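Data first, discussion second: the structure below is written as structure tokens.
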Amino acid sequence: MSKPTYDIIIVGAGPAGIFCALSLLEARPQARIVMVEKGLPIQERACPKEKVGRCVGCQPCRITTGFSGAGAFSDGKLSLSCEVGGSLPQLIGEQRAQDAISVVDGIYLSFGADEHVEGLGATHEVADIRRRAIKAGLKLVDCPIRHLGTEQAQQLYGRIQQALLDAGVELRFECECTRLLIDDGVCKGVCVSSGAGEEELRAHKTVVATGRRGADWLDRICREYGIAHEPGPVDIGVRVEVRNEVMETVNNVLYESKLIGYPNPFRNKVRTFCQNPGGFVSQENYDGGLAVVNGHSYKARKSPNTNLAILCSMNFREPFDRPIAYAQRVGELTNMLGAGHILVQRYGDILDGKRTWPNELVRANVRPTLPDAQAGDITSAMPYRAMTNILGFMKSVDEVVPGFAAEETLLYSPELKFYSNRVKMDDSFVTNVGGLHCLGDSSGWTRGLMMASVMGYLMGKELGEHV
């Protein structure tokens, strides 16, 4: 093979890839770095739905793909506790993870993140919420959160993008990685496809950080090239929307209530995730036209509602090893029922065994913030086990937050998290393929903005010592 052009190739310009580059540049300012990104630069990531009022099916989706990735473009919350954000502390140790969170948080502050941290203080109010959670059989994880906000996160990442360009990092947008270049068990680079055609890029080290959006792609790559991995859980759930008045205490005291339970009869892990006070329910599109639901929260723009995800973790055993494909099928069936739209149903209608009709949404206290959601019956597509777990969990949450499980509470579907393929690696993120490292949500080790950034930062430090 020919001589490498770059020291490092980073596939994916989400938080993991970005912080890998920033960290490497600290140690090696002259490092030759190229970042390959399927989506657009930050300044071009405007969702047309804001103007036309409906999803136009951008390929790829501008919310999930592009510089800064999906998480930063939805709500931009930085969880400041290693108890939140996936399994990375199990791989590298809790103290190392928490120390890295502090460093990465400082970097975000240096680029203009809001200095205010949600969830600090109010110890008596938090203790009261915790008592109610314990009584309901739930665990409360009170995690400090630095909220960037959707619009301010875009500005912050715009500054990071410019900093990388100023440092000489080559950013290739609308450029898709199609395969790895592996010779004798060592990764020598990647093959990419863009408007200019196909091209081979060669480097001493290759980092794959394709995010939640690229989890399915990485799963195929692992199978094709023999990258050691194992299936992990996949999260199937709904996005719940209630009036702000219902969530007022939790919103004011914690901003985001992370509750975990194991409801009867199946005892699967069920948790709340990505809470957006005064936020907006949104739609994201994945490959193949799969539409999934998410939530946004802005610093200045507010709605009268709070939305959050309720996710049920599904664990599979032999002989089944394709959890991502399983979740995709659930989403496809739901999309079919909604004629390509997100489905929404009232909690009370689910208990009554009936679908929700559009006129029932119009006269309710809780008005949907996703205007083109299709009223219908999400239980016709959701797996029985997951739906039963979610309904049982909601009853428990209602004991902590009275009114949460009201008849008119809205449930949107499908809410799916594709990070189930866990790549086997050591605590230096070394895989069984020489010269290849996998980071972030697509690696299966992180879940969320901060922990993906931490994994990227630590990877950059490792590379700085060896490149």
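The values are calculated or read from the model by the stated rules, or taken from the named source; none is laboratory data. Everything quoted here is computed from the prediction, not taken from an experiment. Positions of Cβ are backbone-derived with ideal geometry, glycine not excepted, and every protein chain shown enters the neighbour counts. Accessible surface areas use protein heavy atoms only, side chains included; no ligands, DNA or RNA. Shrake-Rupley method; radii C 1.70, N 1.55, O 1.52, S 1.80 Å.
At a glance:
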{"item": "Candidate set: segment 9-32, residues that are more than 25 Å from the chain's Cα centre (by Cα) and of a type in the set (A, V, I, L, M); chosen: the one most open to solvent (accessible area, probe 1.4 Å)", "result": "Ala27"}
{"item": "Qualifying residue in segment 266-285 (condition: touching a residue at least 12 places away in the same chain (Cβ under 8 Å), surrounded by fewer than 17 Cβ atoms within 10 Å (Cβ to Cβ) and not hydroxyl-bearing (Ser, Thr, Tyr))", "result": "yes"}
{"item": "Given (1) open to solvent by 10 Å² or more (accessible area, probe 1.4 Å); (2) of a type outside the set (Lys, Arg); (3) touching a residue at least 12 places away in the same chain (Cβ under 8 Å), number of the condition Cys187 does not satisfy", "result": "(1)"}
{"item": "Filter result for the condition that a residue is touching a strand residue (DSSP E or B) at 6+ places or on another chain (Cβ under 7 Å) and acidic (Asp, Glu), over Asp99, Asp75", "result": "Asp75"}
{"item": "Verdict on Glu284 being among the charged types (D, E, K, R), at pLDDT 95 or above and closer than 22 Å to Cys58 by Cα", "result": "no"}
{"item": "Check on Ser413, in contact with a Lys or Arg (Cβ under 9 Å, 6 or more places away or on another chain), farther than 30 Å from Ala133 by Cα and in contact (Cβ under 8 Å) with a residue 60 or more places away in the chain", "result": "no"}
{"item": "Any chance Ala325 is open to solvent by less than 10 Å² (accessible area, probe 1.4 Å) and not polar (S, T, N, Q)", "result": "no"}
{"item": "Residues located in segment 48-72, provided they are polar (S, T, N, Q) and touching a strand residue (DSSP E or B) at 6+ places or on another chain (Cβ under 7 Å)", "result": "Thr64"}
{"item": "Any hit, segment 330-343, residues being over 22 Å from the mean Cα position of the chain (by Cα) and open to solvent by less than 10 Å² (accessible area, probe 1.4 Å)", "result": "yes"}
{"item": "Flag for Ser102 being of a type in the set (Ser, Thr, Tyr), touching a residue at least 40 places away in the same chain (Cβ under 8 Å) and over 24 Å from Lys38 (Cβ atoms)", "result": "no"}
{"item": "Unique residue being assigned to a helix (DSSP H, G or I), open to solvent by 10 Å² or more (accessible area, probe 1.4 Å), modelled with pLDDT of 95 or more and of a type in the set (Asp, Glu) when the list is Glu248, Glu224", "result": "Glu248"}
{"item": "For Ala97: the one exception among (1) without any contact (Cβ under 8 Å) to a residue 40 or more places away in the chain; (2) part of a helix (DSSP H, G or I)", "result": "(1)"}
{"item": "Residues being over 10 Å from the mean Cα position of the chain (by Cα), open to solvent by 10 Å² or more (accessible area, probe 1.4 Å) and touching a residue at least 60 places away in the same chain (Cβ under 8 Å) - total across segment 445-462", "result": "4"}
{"item": "Count of residues meeting criterion [in contact with a Ser or Thr (Cβ under 7 Å, 6 or more places away or on another chain), polar (S, T, N, Q) and either assigned to a loop (DSSP other than H, G, I, E, B) or closer than 11 Å to Leu416 by Cα (or both)] in segment 284-319", "result": "3"}
{"item": "In segment 194-216, the residues that are open to solvent by less than 40 Å² (accessible area, probe 1.4 Å) and either of a type in the set (S, T, N, Q) or not in a strand (DSSP E or B) (or both)", "result": "Thr206, Ala209, Thr210, Gly211, Arg213, Gly214, Ala215"}
